[in-house]
Amino acid sequence: MKLTRREFENINKDMMGRIDELIGKLSWEGVVGIELIGGGSRIPAVQQHIEAQVMMLAGRRIPLGRHLNGDEAASKGAAICASNHSLIVRDASLKGNRRIWLEDGHHRSYSIGWDGSDERTVIAPAGGELQFHREVEMPLSRGGSGILTVFESDPRATTDRPILR
């Protein structure tokens with residue numbers, strides 16, 4: 001079966017309308033990121049539509065993330081919500097649960113550098129958010145060519161590990 005992009009978008013018109021309705025009800029003040037979960041969110045046309053609607057309503061670009069495991073996210077969120085509403089939390093005389101807070105962060109730092117050089121520029125320090133956008137100027141000392149590598153530091157190791165070339 002052959003399907004053009006236009007035909008695909010027509011098939012999904014109702015879904016896009018539901019997305020618009022939901023996005024239109026939200027307050028965008030203080031929102032710094034959007035996490036997409038579910039099979040439909042993997043479709044590039046859906047991602048582009050959400051980005052365009054958010055840009056129009058929020059007046060700025062808000063990054064879309066796909067970091068959570070969609071099979072586990074709902075159950076983990078429900079468990080955290082249940083724990084935070086538990087009687088054990090509300091009654092100080094009962095010992096046990098404490099409120100759970102989740103924060104986006106990582107325990108390793110990420111840096112970039114040229115192969116063969118010990119110089120590194122940190123692009124994501126340990127303890128910060130991993131979802132970021134940063135432009136970095138890296139001067140070339142080899143006449144205009146080289147291989148740029150992303151390194152991940154491990155607090156237990158003595159050297160950085162290359163993770164992307």
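Some values worked out for this structure:
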{"read-out": "Conditions (1) modelled with pLDDT under 80; (2) surrounded by 14 or more Cβ atoms within 10 Å (Cβ to Cβ): number failed by ILE112", "value": "(1)"}
{"read-out": "Residue match in the stretch 71-83 (condition: closer than 23 Å to HIS106 by Cβ and assigned to a loop (DSSP other than H, G, I, E, B))", "value": "no"}
{"read-out": "Test for SER27: is it among the polar types (S, T, N, Q), over 24 Å from ASN69 (Cα atoms) and within 21 Å of the chain's Cα centre (by Cα)", "value": "yes"}
{"read-out": "ILE88 being β-branched (Val, Ile, Thr), at pLDDT 80 or above and over 16 Å from the mean Cα position of the chain (by Cα)", "value": "no"}
{"read-out": "Every residue from the stretch 1-40 that is of a type in the set (D, E, K, R) and surrounded by 12 or more Cβ atoms within 10 Å (Cβ to Cβ)", "value": "GLU9, ASP20, GLU35"}
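The rows are residues; the columns are (1) part of a helix (DSSP H, G or I); (2) in contact with a helix residue (DSSP H, G or I) (Cβ under 7 Å, 6 or more places away or on another chain).
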residue	(1), (2)
ARG6	yes, no
GLU9	yes, yes
ASP14	yes, no
ILE19	yes, yes
LEU26	no, no
GLU29	no, no
VAL32	no, no
ILE37	no, yes
ILE50	yes, yes
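The values are calculated or read from the model by the stated rules, or taken from the named source; none is laboratory data. Note that this is a predicted model, so its numbers are computed, not measured. Don't worry about glycine lacking a Cβ; one is built from the backbone with ideal geometry, like all the others, and counts go over all protein chains shown.
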